[in-house]
Amino acid sequence: MAIAVFETSNWDILLRFLFQAPYGESEPVFGNDFGFYLFTLPAYLALKNLLLVMIALSGAAAGVVYWLHGDIDFEQRRRHISRPALAHGSALLGAFFMIKAWSYGLDRYLLLYRDNGVVVGASYTDLHVELPVLGLLIALALLASLMCWANLWVRSYRLPLAAIALVLGSAFLLAEALPALFLRLVVKPNELELEKPYIERNIELTRKAYDLRRIVVRPFSAEQSLTLKSLEANRPTIENIRLWDWQPLLDAYRQLQEIRTYYRFQDVDVDRYWLDGAYRQVTLSARELSADLLPPNAQTWVNRHVLFTHGNGVVMGPVTQKSAEGLPVFYLHDIPPVAAGGPPLREPRIYFGELKDTYVIVNGSTAEFDYPKGKDNVFSRYAGGRGVPVTGTMRRALLAWYFADPNLLLTDYITAESRILFRRTVTERVRTIAPFLRLDRDPYPVVSDGRLFWIQDAYTTSSYFPYAQPTPRRDLNYIRNAVKIVVDAYDGTVDFYLADPSDPIAKTYQRAFPELFKPLAGMPADLQSHIRYPEGLFLTQAQIYRAYHMESPEVFYNREDLWQFPREPSAPTATMHPYYMIMRLPGEAQAEFILMLPMVPSQRENMIAWLAARCDPPHYGELIVYEFPKEKLVFGPFQIEARINQNTFISQQLSLWNQMGSRVIRGNLHVIPIDDSLLYVSPLYLRAETGQIPELKRVIAVYGDQVVMEESLADALAALFGRPAIGTAPEGGSAQGQAGVLAAEALNRYSRALDRLKAGDWSGFGAELEAMRTVLEEAAGRAPKQP
């Protein structure tokens, strides 16, 4: 019984084995299709382990029975084993050696997963020594099995003991000592020459397993050639530089938009929408309801399960803009949702989301709380088609037992139309339906066609791809983002879309569950426009690519060009995470939504490349790495952070704010590629010591040798690249228009002069005043003459 319960955990292995789809390519050592290793080998190994456990338990059980009957006696004067017991033991031992022979046969395939520190996969020693040795051990194990079974007639101690000595002795001498000696005396002195073809296999098949072969390598010259004209040509990139980091923004959302204590913003996600004819990167967060946040005296069963059943709406805002007070600007806000430039949201209710799951009863005898309105509350009823009907005493009793809650049986709030909604967390709901998929950690909300949906990325994975380097956690060595899942936030409908129909693991599950998966083309077009390259997959691929961008075996062997993730400037013990942004990739005509991550050399801080994943059709899923010239120094994020900290004006200003009772919060530093140059941008937030709302007060920008800190991104870019030439009006502009530009410039110089004065920077204060005087003189000369 215990074995059966334990083996139920292998249901997925059996499922893959029964419905396996061929990979279509063969590995180079044994010539087997890769599907054999993904589907068949794990099943064989699980069966082998089961048989060994059964043999061991059978032997132990038989030994106990024989001992109880006196057939086995180990007392000092009467040591003996009866002939029936000896025959039974010999039969079991023979079966054990037969399974052991099969195990040695499977061990030949496991050579393809070895890691000797130089090669992941079968190495020179494995194929020239270990493989022949395993063939010999198979023969010796078969011989030992026959010797044990022969003892059914001989019934002597000698044959079983000889069989055990033969197998154990051979296993130690041939499988342990001989390969180690061969490795030390033959391979180590000529390691690179002998291991070179196996290193090539490791590189090739690792890149295949993680789908790195489609990465396109392009040069990035990292010039210092940005001008106002080039910024204007890349306006979509500039207008979508993200200044709101998720943690300060989440704090601001919670203070400004949770409305009541029982509402909760769990996370902030980044997406893109076409708004007013422009492609905008936005942040958005779902306003969910948590009954745990109700006041203690309101934590009643009726409130938790009947009245407070759903959240309401999302907040959405631009990633770059702020209010005059330094607070977020909203495209969608309040309850019911108010669209201020954002997409319409006609059905804002959230019954299914990210918060901890609790069951709720809908369509009961009383209406559900919908949202607060002044001193009153607005109520509603669930109109979705999902949920389990709560009809009949037996069903109510069963549900009361399942949820360990007798109130389900006793309450009068349940009617004939009532339904119970449970498994309302997006990840739990998806995992219950498809437990064989590995889920991305971050489902994200999408506003589409007036409704709210969640998009959940799912992966097919394996640990049995030959010659492939496993991840640092060693939990997989093959991954594909094969499935996109859409969950309706209102009624909980779950749709699975096959995003990678070429993946053999996805094909296998499609064979097993033909009605589960839909083609990606069947996803509504508007939802398709919001699918994105998942961060979990991108991060896994980037981790492997740090070493496996090296395609030369010699370079790979010496680890000459090993990369790593940059250190996070705001937390030096952590590394930077990938980030989404809208930008125009070098050489492309249009701005697009991408996921990117800078790379630095191992043990160095300068930047050597940046990796980008394209998220928009028709280029969705394309990976590009832009490599910098190796002879050129390109500052990495941590070096840029050091330059910011060394800036006298910035450091004095930060110290002044801290002394005035405000807490300075440094935002994430973003590397922004523009044409063939790099711009670095970092937001700065202030939070009062007794306050909870962080305010976006400054933007730090770095380009070339210049480091500036201004009130807005526009001011920072103006400080870096200058404003339009004074006296040059826009085409068709008037003298009044020119005067307005000059007046704005003078005001900006005045504000900067005050900042320098507050920081005690007298030389900077004088320079800004002189610049303001020059602007005012120019304005006076250009002002329209009075008649």
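Some notes on this structure:
- Hey, Phe593 surrounded by 15 or more Cβ atoms within 10 Å (Cβ to Cβ), over 17 Å from Pro637 (Cα atoms) and either at pLDDT below 95 or more than 21 Å from the chain's Cα centre (by Cα) (or both) or not: no
- Which numbered condition Asp491 misses (of (1) in contact with a Pro (Cβ under 9 Å, 6 or more places away or on another chain); (2) surrounded by fewer than 22 Cβ atoms within 10 Å (Cβ to Cβ)): (1)
- Pairs where the first residue, in the stretch 648-669, is aromatic (Phe, Trp, Tyr) and the second is open to solvent by less than 60 Å² (accessible area, probe 1.4 Å) and part of a strand (DSSP E or B), C-beta under 6 Å, 6+ apart: Trp657/Val664
- Scanning the stretch 605-662 for residues that are in contact with a Gly (Cβ under 9 Å, 6 or more places away or on another chain) and not small (Gly, Ala, Ser) yields Glu605, Asn606, Met607, Ile608, Arg614, Cys615, Thr648, Phe649, Gln652, Leu656.
- Those residues of the stretch 338-352 which are more than 13 Å from Leu275 (Cα to Cα) and either assigned to a strand (DSSP E or B) or open to solvent by 30 Å² or more (accessible area, probe 1.4 Å) (or both), in sequence order: Val338, Leu345, Arg346, Glu347, Arg349, Ile350
- Lys507 vs. criteria assigned to a strand (DSSP E or B) and open to solvent by 60 Å² or more (accessible area, probe 1.4 Å): no
- Just one of the listed residues (Ser26, Ser58) is at pLDDT 90 or above, more than 24 Å from Tyr464 (Cα to Cα) and of a type in the set (Ser, Thr, Tyr), namely Ser58.
- Qualifying residue in the stretch 468-478 (condition: in a strand (DSSP E or B), open to solvent by less than 10 Å² (accessible area, probe 1.4 Å) and touching a helix residue (DSSP H, G or I) at 6+ places or on another chain (Cβ under 6 Å)): yes
- Apart from one condition, Gln224 fits all of (1) crowded, with 17+ Cβ neighbours inside 10 Å; (2) among the polar types (S, T, N, Q); (3) in contact with a Ser or Thr (Cβ under 8 Å, 6 or more places away or on another chain); the exception is (1).
- Leu256 vs. criteria open to solvent by 10 Å² or more (accessible area, probe 1.4 Å), of a type in the set (A, V, I, L, M, F, W, C) and either part of a helix (DSSP H, G or I) or in contact with a Gly (Cβ under 8 Å, 6 or more places away or on another chain) (or both): yes
- Subset of the stretch 608-629 that is surrounded by fewer than 17 Cβ atoms within 10 Å (Cβ to Cβ) and within 16 Å of Leu678 (Cα to Cα) - its residue that is farthest from the chain's Cα centre (by Cα): Pro629
- Condition broken by Gly24, with the remaining ones in (1) of a type in the set (Gly, Ala, Ser); (2) within 30 Å of Tyr124 (Cα to Cα); (3) open to solvent by 50 Å² or more (accessible area, probe 1.4 Å); (4) free of Cβ contacts under 8 Å to residues at least 40 places away in the same chain satisfied: (4)
- A single member of Asp705, Asp676, Asp715 is touching a residue at least 40 places away in the same chain (Cβ under 8 Å) and either open to solvent by 10 Å² or more (accessible area, probe 1.4 Å) or under 25 Å from Asp251 (Cβ atoms) (or both), and it is Asp676.
- Filtered residue count, the stretch 445-459, keeping only those that are among the hydrophobic types (A, V, I, L, M, F, W, C) and farther than 14 Å from Val494 by Cα: 2
- Qualifying positions in the stretch 406-429 - open to solvent by less than 20 Å² (accessible area, probe 1.4 Å), within 38 Å of the chain's Cα centre (by Cα) and not β-branched (Val, Ile, Thr): Leu421
- Scanning the stretch 517-551 for residues that are assigned to a loop (DSSP other than H, G, I, E, B) and open to solvent by 40 Å² or more (accessible area, probe 1.4 Å) yields a count of 3.
- Long-range neighbours under 6 Å by Cβ, at least six apart or interchain, first residue without any contact (Cβ under 8 Å) to a residue 60 or more places away in the chain within the stretch 411-438, second in a helix (DSSP H, G or I) and open to solvent by less than 30 Å² (accessible area, probe 1.4 Å): none
- Number of the exception - Gly587 against (1) touching a residue at least 12 places away in the same chain (Cβ under 8 Å); (2) at negative phi: (2)
- None of Tyr402, Tyr444 is hydroxyl-bearing (Ser, Thr, Tyr) and without any contact (Cβ under 8 Å) to a residue 12 or more places away in the chain except Tyr402.
- Of the helices (runs of 4 or more DSSP H) entirely within the stretch 144-226, those holding at least 1 residues that are hydrophobic (A, V, I, L, M, F, W, C) and more than 46 Å from the chain's Cα centre (by Cα) occupy 158-172.
The values are calculated or read from the model by the stated rules, or taken from the named source; none is laboratory data. As the structure is a computational prediction, the values presented were derived from the model and not from experiment. We place every Cβ from the backbone using ideal geometry, glycine too, and count neighbours over all the protein chains shown. Surface areas here come from the heavy atoms of the whole protein model, side chains and all, with no ligands, DNA or RNA. Shrake-Rupley method; radii C 1.70, N 1.55, O 1.52, S 1.80 Å.
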